[in-house]
């Protein structure tokens with residue numbers, strides 16, 4: 001059984017998209033932009049963005065910011081870093097953008113999260129706390145409310 005050239009190209013693109021996603025997961029704290037990710041995948045930025053969104057349901061930038069916010073949540077739960085220190089530790093260069101995105105995904109500002117989460121998660125193992133406090137994107141929240 002032979003596959004068509006289009007199917008073979010699709011599989012090659014999917015493998016490249018997985019490598020891009022893995023790179024974002026590994027290097028979330030480093031300066032990453034769609035152009036740099038696209039160069040590493042030998043794709044144009046537009047093609048990468050379209051294909052990544054089609055494969056994973058969100059843009060590469062949105063995926064990167066979600067990873068950064070998840071890591072920020074873990075650092076804020078520890079409680080030994082300020083919100084500004086956490087912002088820069090996860091690779092964000094703007095405290096305003098970080099706070100806005102954090103609030104969109106988590107539902108509360110980072111300072112409120114830091115203050116309230118230590119009370120709520122006290123005594124809970126970190127592996128359970130991470131799962132329970134995982135950010136929910138707006139489109140996921142609206143889908144869950146219909147269930």
What FRET efficiency would be calculated for the residue pair residue 47, residue 82, taking the C-beta separation as r and a Förster radius of 30 Å, to the nearest 0.05?
0.15
Here, residue 22 and residue 115, labelled 7 Å along Cα→Cβ, have an inter-label distance in nm of 4.3 nm
Taking 25 Å as R0, compute the FRET efficiency from the Cβ-Cβ separation of residue 8 and residue 30 and round it to 0.05.
0.20
Under a crude label model (7 Å from the Cα following the beta-carbon direction), how far is residue 104 from residue 62 in nanometres?
0.9 nm
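Just so you know, all these numbers are worked out from the coordinates, no wet-lab data involved. These numbers come from a predicted model, not from an experiment. Neighbour counts run over all protein chains shown; Cβ positions are idealised from the backbone, glycine included.
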